[in-house]
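See below for the structure under consideration.
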Amino acid sequence: MPHRPILSRPAVPHPGPAPSATTFAMLGKYLSLALMLPAGAFAGFLLGRFAEHWIHASWPTLAGIVLGVIASVMKVFDELMRDVRREELERSPERLGATERNHPPNMP
């Protein structure tokens with residue numbers, strides 16, 4: 001009886017579609033958005049601690065954290081709105097093209 005390697009298995013077709021590069025790109029993008037909020041809070045904390053030692057007050061740390069969170073939320077919202085606009089343009093190119101054909105731009 002011939003020796004068969006343990007790691008060889010019969011070829012079984014993959015039950016679903018293979019993940020595409022766009023799937024991994026989206027995963028990376030949304031993971032970075034999820035990490036942006038704690039990163040902003042941490043950056044604000046560090047800047048606040050630096051300012052606290054520089055001006056000898058106790059409030060800059062809290063202010064830095066709040067400003068870091070606000071900046072992070074604004075950036076996440078901006079990125080999500082950009083994705084929504086891009087998705088709308090990708091879904092309706094026919095409608096945009098028809099509108100431009102029916103109403104050509106005014107040229108001077």
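Quick rundown of the values:
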quantity	calculated
Matching entry among Ser32, Ser8 (being of a type in the set (Ser, Thr, Tyr), at pLDDT 85 or above and out of contact with any helix residue (DSSP H, G or I) (no Cβ under 7 Å at 6 or more places or on another chain))	Ser32
Enumeration of residues in the range 30-63 that are of a type outside the set (A, V, I, L, M) and within 30 Å of Val84 (Cα to Cα)	Tyr30, Ser32, Pro38, Gly40, Phe42, Gly44
Residue among His14, His3 that alone is assigned to a loop (DSSP other than H, G, I, E, B) and at pLDDT 60 or above	His3
In the range 34-93, the residues that are aromatic (Phe, Trp, Tyr) and exposed (fewer than 15 other Cβ atoms within 10 Å of the Cβ)	Phe42, Phe50, Trp54, Trp59, Phe77
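The values are calculated or read from the model by the stated rules, or taken from the named source; none is laboratory data. In this text the structure is predicted, and so the values were computed from the model without any measurement. Methodologically, a virtual Cβ is constructed for each residue, glycine included, from the backbone with ideal geometry; neighbour enumeration extends over all protein chains shown.
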